[in-house]
Amino acid sequence: MSGEGKKTPNVRYALIMAFYWSNYAILLNYANVYLLEKGFRATSIGAMIAVSAGLAAVLQPLIGAYADREKSLSVKSILLVMTLLFLLFNAIIPASAGNSALLLMIAFSASITLMQAMAPLANALGTLSTYGGEKVNFGVARGVGSFVYAVISLLLGRFTQQYGNAPVPFLAFTAYTLFFVTIFVFPFRKAKTEQRQTKRSGFFGRYPRFPVILLANVCLYTGHMLLNTFMFQVVSAKGGNNTSLGISFAIAAMVELPVMAAFALLLKKISSGGWLIICGLGFVVKSTASLLAPNVGWFYVSQFLQMSAYALLAVAAVYYVDSIMAPEDAVKGQAFFTMTNTVGTMCASALGGVLLDMMGVRTLLVFVLGFSVAGALLMVFGVKTLQFSAQP
């Protein structure tokens, strides 16, 4: 196969990741700011995001189990249907703003739920894809997603500072219209998998340490999302504004790119399980730096530590699940791991608003550190092989 042919699916999958993660920068990161401007309190916003995450957490393993069935729709087809539903609910947001607070919250919640529920399918689209015998490079594509996330975060921070938050839903609609188009043209065929007799032992019976790793990720992601969801309040407490918010998100996303792009090379030195343990320590260091940062300038510095925390987790988790699971469990495994991200988002959203309203930003950051420590310790106990050997 020619080099040009091999590049085609990688470029197309990178575009899918770019448009998918751009909406995290647009819709989820600015949900807090957008809804505050519409008169909602932090507690109400947190509760809405928590409910959305809870619904997504229920949907993710159900959709994953369905996608793993031999006679189900393909991952690509399921993503296309879910994207159309997202666009429908997203279109309701600007129409209901100023008219019905309840409808606005329902539309926002449905949009966030669908966006999060699509995550394991978007990952699986890459890990299950082959094109002329060549697998898609997930790490590079995910790195592109982080780069676009960084650019959008930076530009949107300055844009909303100058023009307000009203255009946020329109930008989200545009991003996922392009997401739909890139999925539609992506070369993907549903592969036939051999259903093994080991199915009788049950999913978690086949992977007994996996629940510990899932719990570790819930803790790590809860701390991560406590900071990200309420970043506006954090940077404001340290002397920043909307522009500072965009810069903070942009720094974190920019430093993710080299780690994610080079992850296939990193796997030659240390296994994906080893990198999961390292990223746990990275979360502890980053959350400590965020807590101790005396002003927004030092908070920017703490955001550079994203490269040793979430940047590693986002790719190592996908490769780890892919390496330990049978093909017929692949989508389900990705769905369970992404479900823990969603559970973490739910816990952070429910807890964060209450912490901010009752105890303030410093207490919030103490909880971020506490969850990071718990997650790091659990990850050490959960990873199947603790020696730092290269990925087989």
Fill in the blank from the handout: Answer check: the range 30-81, Cα atoms, Kirkwood Rh, Rg/Rh ratio of 1.22
Practice task
Please work out the FRET efficiency for the pair Phe170 and Ala101, using the Cβ-Cβ distance as r and a Förster radius of 22 Å; give the result to the nearest 0.05.
Solution key: 0.65
Handout entry: Theoretical gain in end-to-end length, Ser72 to Leu265 [0.36 nm per residue, Cα-Cα removed]
Key = 66.0 nm
Fill in the blank from the handout: Taking every other residue with Cβ under 12 Å from the Cβ of Gln334 and scoring Lys and Arg +1, Asp and Glu -1, one gets -2
Exercise for the section: Please give the per residue volume of the convex hull enclosing the alpha carbon atoms of the chain, rounded to a whole number of Å³. Expected result: 127
Practice task
Name the most mobile residue of Val148, Val354, Val75, meaning the one with the largest mean-square fluctuation, in a Gaussian network model of the chain with Cα contacts below 10 Å.
Solution key: Val354
Problem - In nm, spacing of pseudo-spin labels at Thr177 and Gln162 (7 Å Cα→C-beta vector) - result: 2.3
Practice task
Quick one: what are the phi-derived ³J(HN,Hα) couplings along the range 325-332, Karplus 6.51/-1.76/1.60 with θ = phi - 60°, whole Hz, x for glycine and proline?
Solution key: 10, 5, x, 6, 10, 4, 5, 4
Problem - Rg/Rh ratio calculated on Cα atoms of the range 219-273 (Kirkwood radius) - result: 1.14
Practice task
Compare Ala166, Ala57, Ala348 in a GNM of the chain, Cα atoms joined below 10 Å, and give the one with the largest fluctuation.
Solution key: Ala166
Exercise for the section: With no solvent and one equal point scatterer placed on each C-alpha of the range 305-388, evaluate the Debye formula and give log10 I(q)/I(0) for q = 0.11, 0.19 Å⁻¹, two decimals. Expected result: -0.40, -1.01
Exercise for the section: Grab the DSSP H runs of the chain that are 4 residues or longer, score each as -39,500 (n - 2.57), total them, divide by all residues and round the 222 nm result to the nearest 500 deg cm²/dmol. Expected result: -25000 deg cm²/dmol
Problem - Computed label-point distance, nm, for sites Met359 and Ala91 using a 7 Å Cα→Cβ extension - result: 4.5
Exercise for the section: With no solvent and one equal point scatterer placed on each C-alpha of the range 240-392, evaluate the Debye formula and give log10 I(q)/I(0) for q = 0.13, 0.14 Å⁻¹, two decimals. Expected result: -0.66, -0.76
Handout entry: Separation of the Leu377 and Thr8 label points, Cα + 7 Å toward Cβ, nm
Key = 5.3
Problem - the chain - percent relative contact order, Cα under 8 Å, separation 6 or more - result: 30
Handout entry: Rg [Å, one decimal], Dmax [Å, integer] - the range 1-121, C-alpha atoms
Key = 16.9, 57
Handout entry: In order through the range 249-259: 3J(HN,Hα) via Karplus (6.51 cos²θ - 1.76 cosθ + 1.60), integer Hz, x for Gly, Pro
Key = 5, 5, 4, 4, 6, 5, 6, 5, 4, x, 5
Problem - Gaussian network model of the chain, Cα within-10 Å springs - most flexible of Gly126, Gly297, Gly46 - result: Gly297
Problem - Contour excess over end-to-end distance, with Cα ends at Val185 and Arg206 and 0.36 nm allotted per residue - result: 4.0 nm
Exercise for the section: Please identify the longest segment of the chain free of exposed GluC sites (Glu not before Pro), where exposed means a DSSP state other than H, G, I, E or B and no more than 12 other Cβ atoms within 10 Å. Expected result: 195-392
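No value in this document is a laboratory result; all are computed from the given coordinates. Computed from a prediction, not measured in an experiment: that's the story for all the values here. Ideal geometry is used to build each Cβ from the backbone, glycine not excepted, and the neighbour counts take in all protein chains shown.
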